[in-house]
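Structure record follows, encoded as structure tokens.
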């Protein structure tokens, strides 16, 4: 019968280990729930985006639900200004004046792309994640409307509150 040399004997965890588990388990569960990319906003397919303001264009930024790196949610910047966060299964949009924009994501490395926005145009930027040395790398990619639609159907809105549509109240 084979033997294992230098093996440590199995023993029951001490009460101290149970206390540590009891302390860390709620924190782990809370982190798992928050890192899952959940948002309270509506699904992309259940909402109507407001019209693009005159003289502006729209950039829709989104991330799929790839299970790697749910806790990695860096800011997405446009020309150095924070526009939102790259959150799994979520999207947001910004309306901006026409012109060139640098879309940047920063974790342990900075990744960016240059885009050129025209008036009344909608551009779609998908953020992706890949393993890194310490944390995942998130990088932006300009994608076609068809590719965006395939991913956005599963995404939830995580941008600022949208104005409520006007209600038609009966005349008094």
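The values are calculated or read from the model by the stated rules, or taken from the named source; none is laboratory data. None of the values given here were measured: they were computed from a predicted structure. Don't worry about glycine lacking a Cβ; one is built from the backbone with ideal geometry, like all the others, and counts go over all protein chains shown.
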Exercise for the section: Output the number of the condition that residue 48 fails; it satisfies all remaining conditions of (1) assigned to a loop (DSSP other than H, G, I, E, B); (2) within 18 Å of the chain's Cα centre (by Cα); (3) surrounded by fewer than 16 Cβ atoms within 10 Å (Cβ to Cβ). Expected result: (2)
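To keep it simple, each residue is scored yes or no on (1) in contact with a strand residue (DSSP E or B) (Cβ under 9 Å, 6 or more places away or on another chain); (2) surrounded by fewer than 16 Cβ atoms within 10 Å (Cβ to Cβ); (3) under 16 Å from residue 59 (Cβ atoms).
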{"residue": "81", "(1), (2), (3)": "no, yes, yes"}
{"residue": "85", "(1), (2), (3)": "yes, no, yes"}
{"residue": "91", "(1), (2), (3)": "yes, no, yes"}
{"residue": "115", "(1), (2), (3)": "yes, no, yes"}
{"residue": "134", "(1), (2), (3)": "no, yes, no"}
{"residue": "144", "(1), (2), (3)": "yes, yes, yes"}
{"residue": "157", "(1), (2), (3)": "yes, no, yes"}
Fill in the blank from the handout: Counting only strands (runs of 3 or more DSSP E) entirely within region 68-125, those with at least 3 residues that are within 18 Å of the chain's Cα centre (by Cα), touching a residue at least 40 places away in the same chain (Cβ under 8 Å) and under 19 Å from residue 148 (Cα atoms) are 90-96
Fill in the blank from the handout: All conditions in (1) free of Cβ contacts under 8 Å to residues at least 60 places away in the same chain; (2) under 19 Å from residue 41 (Cα atoms) are true of residue 60 except (1)
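Taking the condition modelled with pLDDT under 95 and surrounded by 15 or more Cβ atoms within 10 Å (Cβ to Cβ), does residue 35 pass?
Criteria met by residue 35.
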